[in-house]
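Read through the structure below, which is laid out as structure tokens, and then see the notes.
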Amino acid sequence: MQFCPVHHAPQAWSLKTRMARTMEPLAKKIFKGVVVAELLGFFGAYFLFKKMHGSQDFRQTMNEKFPFILKVYYKSTEMSGMYGIRELDEKKWLESKN
């Protein structure tokens, strides 16, 4: 094994260092992509919650298309201490069918 004259270290070590440096930009891009995806998911969930919380008609649409998401909404509001939203929705939807 030859020594690198500049660093007085084995050339294999400098090769590993160069490989690590070339991997850093890829790792940073992957990390940034994961962070952006997480932020988009968080803000998407927030705005969906806000829209459901403000519109009973939107909750009815969600009930027809994505009932499992509406169940999560009801659970989260009940866990935060806001009760009665589910019952009011069901009452209005039953009245509108009749």
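Couple of notes before you dig in:
- Linear extension gain, E64 paired with S96, 0.36 nm per residue minus alpha-carbon span: 10.1 nm
- The ellipsoid equivalent to the alpha-carbon distribution of segment 57-98 has semi-axes of 18, 13, 6 angstrom, derived from the gyration tensor eigenvalues as √(5λ) and listed largest first.
- Residue-wise HN-Hα coupling along segment 75-87, computed from phi with Karplus coefficients 6.51, -1.76, 1.60 (Hz; x: Gly, Pro): 4, 5, 5, 5, 5, 8, x, 9, 9, x, 5, 4, 5
- Cut-off 17 Å, label 7 Å out along Cα→Cβ of H53, residues of segment 64-84 by amide N: 70-84
- If R0 equals 22 Å, the separation of the Cβ atoms of A45 and Y83 corresponds to a calculated FRET efficiency of about 0.50.
- A simple rule links phi to the HN-Hα coupling: the Karplus curve 6.51 cos²θ - 1.76 cosθ + 1.60 with θ = phi - 60°, which for segment 34-47 gives 5, 5, 4, 4, 4, 5, 4, x, 5, 5, x, 5, 4, 5 Hz, with x for Gly and Pro.
Each reported figure results from applying straightforward, stated rules to the coordinates on display, with no laboratory input. Keep in mind it's a predicted model, so treat the numbers as computed, not measured. When we count neighbours, we look across all protein chains shown, and the Cβ atoms used for this are built from the backbone with ideal geometry, even at glycine.
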